[in-house]
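The values are calculated or read from the model by the stated rules, or taken from the named source; none is laboratory data. In this text, all values refer to a predicted model and were calculated from it rather than measured experimentally. Glycine gets a Cβ as well: all are built from the backbone with ideal geometry, and neighbour counts include every protein chain shown. We work out accessible area using only protein heavy atoms, side chains counted, and drop any ligands, DNA or RNA first. Shrake-Rupley method; radii C 1.70, N 1.55, O 1.52, S 1.80 Å.
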Protein chains: 2
Amino acid sequence: MSQTFDIAVVGATGTVGETLVQILEERDFPIANLHLLASSESAGHSVPFRGKNVRVREVDEFDFSKVQLVFFAAGPAVTLSFAPRATAAGCSLIDLSGALPAEQAPQVVPEANAQVLAGLKKPFQVSSPSASATTLAVVLAPLRELLDLQRVTLTASLAVSTQGREAVTELARQTAELLNVRPLEPRFFDRQMAFNLLAQVGTPDAQGHTLLEKRLVHELRAVLGQPALKISVTCVQAPVFFGDSFSVTLASARPVDLAAVNAALEAAEGIELVEAGDYPTPVGDAVGQDVVYVGRVRSGVDDPAELNLWLTSDNVRKGAALNAVQVAELLIKDLV
Amino acid sequence: MSQTFDIAVVGATGTVGETLVQILEERDFPIANLHLLASSESAGHSVPFRGKNVRVREVDEFDFSKVQLVFFAAGPAVTLSFAPRATAAGCSLIDLSGALPAEQAPQVVPEANAQVLAGLKKPFQVSSPSASATTLAVVLAPLRELLDLQRVTLTASLAVSTQGREAVTELARQTAELLNVRPLEPRFFDRQMAFNLLAQVGTPDAQGHTLLEKRLVHELRAVLGQPALKISVTCVQAPVFFGDSFSVTLASARPVDLAAVNAALEAAEGIELVEAGDYPTPVGDAVGQDVVYVGRVRSGVDDPAELNLWLTSDNVRKGAALNAVQVAELLIKDLV
Ligand SMILES: NC(=O)c1ccc[n+]([C@@H]2O[C@H](COP(=O)([O-])OP(=O)(O)OC[C@H]3O[C@@H](n4cnc5c(N)ncnc54)[C@H](OP(=O)(O)O)[C@@H]3O)[C@@H](O)[C@H]2O)c1
Ligand SMILES: NC(=O)c1ccc[n+]([C@@H]2O[C@H](COP(=O)([O-])OP(=O)(O)OC[C@H]3O[C@@H](n4cnc5c(N)ncnc54)[C@H](OP(=O)(O)O)[C@@H]3O)[C@@H](O)[C@H]2O)c1
C-alpha cells in the first residue's frame, strides 16, 4: 500500500484555502486525515472533501504534531503566529502568505526552481510566492536560456480576488449600486472600484513603490535564480473578479528568435500558448485552469531584441493553491 | 467687434462630436453659425448649443463653402469622403479620425508642438492624434529636455468609449446581464468585456501589432519631434466607460532628477500632478476634466535612470474634443 499523510490547511474557508482543498481532492493527494483550520469566526462551519463535510476547527487549539504537513493560507500574521509551533512539532509547512524570510522558507515554483527543494532539511519550510511572481516565473523560466534576459518591464492588472473574499463581494456590490443608480459607498476599497482602475495596491514607501511591487521583484529574481535581473513593475487593481493579467516587455541582449520562443513556450510545463492573432482573457481562458495562458507574442515595433507577451492566469488557483499543491507533491516523496 | 466664424462639426451626434459642441460653447468659441452634420440616420435630430436646439443635417448635402472651419469627428471613411470637398471649398479642417496622412494634415497637440501650425498654408488641415498619443504627448513634452529620453514602454488601458457609443452601451448591457445571471450575449465586442480585460484592440498585423499600437508609436514620435524614439506599447481594452489610463516606464540616458521632474510636471500646461502617495483614477479624477492626471511618479526599483508614471485622462474630452478645439483656437487667429 502506498504512503498517505495527515495534512492541515490553515485558512480553509478562504478564497485560496477552499480552492486548495478542492485541488487536493482533484489530484488525489495521498491524504489519510485532513484537518481544516480557520479563525473562531468560522470554526464549526464545514467544507466538502471527498464527498464528506469536514468540520472547520480553530487554529489556536490545533495540535500540529497530528500532521506531517500544513498549508498556511491565511494572512501573514497567522503564519507568523503558528509556523514556529508547527515546525517545533516536526510538521513541514508550505506558506502562501509571504510572511517568512527566504532564508527560512525559500520561494518555490516547481516549473522554475524545483531543485531548491532537494537542499531542504526536515521539517521542510517552503514559501509559495505571490500569485504574480508565480505566474511570471512559470513563463519566464523556459525563456531564461533563450533570451539572455536584461530587463523585465511589466504592468500587472490584478483581479480583486487577490485581496480575498471581501474584495470580491465589494466589486459585486459597487457594480450593482452603480447599475441601479444608487449612491456608491466604498467600503473595502477606499474609492470606486467598479468600472475603474486603481493604480496603487497597498501603501507606497517613500520612493513610491508598494510592498506588492517590491515583493514581486524579489520573488521573481529568487525563483528565476537571477538576483541581478532588472525588473520594473506597476501593480494595478482592475475591476475583474478572478484572473490576473500581465503586460510584459522583455529586453534581451540579442535579437529575439520568435520561432524559438514560441517553441519553448509550446514545450514548457504549465503554459498554454494561444494561437498567433488570438489573445487570452482572464474570464474566458484563465479562470479555473491549471496553466498560465500566453498570447500576443511579438517583438518590439522598432526593436528586434525586445519580446512582448500578454499573460493571464487564475490567481487563486494557478497563482496560489495549485502551486502550493505542486510543491507538496514534490515534498511528500521525502516526507516519510 | 471681434471676428466670428461659421463652423461645421461632422459626427455631431457621436461621443466625441457631442462633447466638441459642448466645449465650443463652454470656451465661448467665436462662432457665428454652427452647422451640425451626421449620417442620414440622425439627420433631423437636434443637439443643444447656446440654449437652442440645433438641427442635425446630412453631411452629404452640406455646402462646405458656407463655413471657414470643419471638425471631422466621424469615422475615417467619412473624413476621406468629405475632406477633399471641404478643402476645395476653401474650408480649413481639423480631423479626429486619423484618416489623413501626416504630410497632408500634421498631428498637433498644442502643449507639445503648437509651432507646427505656423508652417501651414490655408485652407489649414490638421489632425488631432489618437486620444492615447494626445495624452502621452501632453505629459512627455515638458519632460523632453530634462530626461534625454531613450525609450518609452507603456501599457494603455483604454475605456470602451474609445470605440464610440455602441461600445459604451455594450459594456453596460453585458454587466447587467451578468449581475442578473442571464446568459451573456456579446455583440459589439466578440467576447465578454464586463469584468474582463481584452488584450488586443483591433486586428493585429503579421508581426502581432495592432493598427492602434502602430498609430500611437508614429503619432507620439511625430508630436514630440523625436522620430527615432523607441516606443514599446500594448493597448488593452478595460471594462471602464470613460477615461484612458497609462502605465508608463521611461528610460533616460542619465539618472532621473525626481524633484526636477515633479517641478516640470507641476509647471506644465494641461497637467494635474496628484500628491505623492496618492494616485489618480479615470472615474474619480479624469472624467469631465480638461487636464491629464499624473501620479505614481517614481524611479525604478533598481534603476535611477528610469522614471515610472501613471497617467489618466478623459479620452473623449482631453484626448479628442478639447485637443481639437485647442488647435482651432490657435488656428482662428490666421483664419480670417
Ligand atoms: N487571493 C489570492 O489570489 C492569493 C494569492 C496568493 C497568496 N494569497 C495569500 O493567501 C492568504 C489567504 O488569502 P485569501 O485570498 O484566501 O483570503 P480570504 O479569502 O480573505 O481568506 C482568509 C482565510 O484566512 C482565515 N483567517 C483569517 N484570520 C485568521 C486567524 N486569525 N486565524 C486563523 N485563520 C484566519 C480566514 O478564516 P475565517 O473564515 O475564520 O475568517 C479565511 O479562511 C493571504 O496571505 C494572501 O496574501 C492570496
Ligand atoms: N471616442 C474616443 O475616445 C475618440 C478619441 C479620439 C478620436 N476618436 C475618433 O473620433 C471619431 C468619432 O468617434 P466617436 O467615438 O465619437 O464615435 P461614435 O460615438 O460612434 O459617433 C460616430 C459619429 O459619426 C457619425 N457618422 C457615422 N457614419 C457617418 C456617415 N456615413 N456620415 C456622417 N456621419 C457619420 C455618427 O452619426 P449618426 O448619429 O448619424 O450615426 C456619429 O455622430 C472616430 O474616427 C474615432 O476614431 C474617438
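Of note:
- Loop-resident GluC sites (Glu not before Pro) (DSSP state other than H, G, I, E or B) in segment A:1-84 with no more than 10 further Cβ atoms inside 10 Å of their Cβ: A:E41.
- Overall dimensions of chain A, expressed as equivalent-ellipsoid semi-axes from the Cα gyration tensor (√(5λ), whole Å, largest first), are 32, 26, 18.
- 19 Å cut-off, amide nitrogen to a point 7 angstrom out along B:Q3 Cα→Cβ, residues in segment B:79-94: B:87, B:89-94
- Rounded if a/c under 1.5, otherwise prolate or oblate - segment B:106-226, Cα gyration tensor axes: prolate
- Note on chain A: with a GNM built from Cα contacts shorter than 10 Å, the maximum mean-square fluctuation among A:I231, A:I271, A:I31 falls on A:I31.
- Shape category assigned to segment B:174-241 from the gyration tensor of Cα positions, a/c cut at 1.5: prolate
- Efficiency of FRET between A:R144 and A:A102 - r from beta-carbon atoms, R0 30 angstrom, step 0.05: 0.95
- Most simply put, the protein assembly as shown has about 45% antiparallel DSSP beta bridges, counting only bridges with both residues inside it.
- Annotation: lysines with alpha-carbon distance below 22 angstrom to A:K52 (same-chain offsets under eight excluded): A:K66.
- Using the Cβ-Cβ distance between A:K122 and B:N262 with R0 set to 60 Å, the FRET efficiency works out to roughly 0.70.
- For the pair B and A, total buried accessible area rounded to nearest 100 Å², probe 1.4 Å: 4800 Å²
- Once the Kirkwood radius over Cα pairs is known for segment B:34-100, the Stokes-Einstein relation at 37 °C and 0.692 mPa s delivers a diffusion coefficient of 266 µm²/s.
- Full-stretch length increase - A:D63, A:L184 - with 0.36 nm per residue and alpha-carbon distance subtracted: 39.0 nm
- Of A:V201, A:V126, A:V291, the one that fluctuates the most in a GNM where chain A has Cα springs shorter than 10 Å: A:V201
- Mean shadow area of the protein assembly as shown over all directions, Cα convex hull, nm²: 31.5 nm²
- Based on protein heavy atoms only, chain B ends up with 39 Å² per residue of surface accessible to a 1.4 Å probe.
- Sorted from shortest to longest, the distances between the B:P186 label points of this copy and the other copies are 3.0 nm, with each point 7 Å from Cα along the line through the beta carbon.
- When chain B is treated as a Gaussian network with alpha carbon springs shorter than 10 Å, the biggest mean-square fluctuation among B:G119, B:G98, B:G225 belongs to B:G119.
- Table column - 3J(HN,Hα) (Hz), segment A:34-41, Karplus curve with 6.51, -1.76, 1.60, x for Gly and Pro: 10, 10, 9, 10, 7, 7, 4, 4
- Label point 7 Å beyond Cα along the C-beta direction, distances from B:D63 to other copies (nm, shortest first): 10.0
- Label points for B:G288 are taken 7 Å from Cα along Cα→Cβ. From this copy to the others they lie 4.0 nm apart, shortest first.
- Cα gyration tensor shape for segment B:245-287, rounded if a/c is under 1.5, else prolate or oblate: prolate
- Nearest-0.05 FRET efficiency for B:E41 and B:K214, computed from C-beta distance (R0 41 Å): 0.85
- For segment B:1-85, the set of trypsin sites (Lys or Arg not before Pro) satisfying both a DSSP loop assignment and a count of at most 16 other C-beta atoms within 10 Å is given as B:R27, B:R50.
- Residues whose amide H comes within less than 5 Å of that of A:S127, counting only those at least five positions distant or on another chain, are A:D95, A:Q107, A:V108 (H built at 1.01 Å from N in the peptide plane).
- Under 5 Å, built H, 5+ apart or other chain: amide partners of B:V292: B:I271, B:E272
- Cα Rg, Dmax (largest Cα-Cα span) when computed across segment A:134-315, Å: 17.5, 55
- Under 5 Å, built H, 5+ apart or other chain: amide partners of B:T210: B:D205
- Working note: Karplus 6.51/-1.76/1.60 with θ = phi - 60° gives segment A:58-74 the couplings 7, 5, 3, 9, 7, 9, 5, 6, 6, 10, 9, 8, 10, 9, 9, 10, 10 Hz, where Gly and Pro are set to x.
- Note that segment A:88-93 has calculated 3J(HN,Hα) couplings of 4, 7, x, 8, 6, 9 Hz, one per residue in order, obtained from phi through the Karplus relation 6.51 cos²θ - 1.76 cosθ + 1.60 (θ = phi - 60°); glycine and proline are x.
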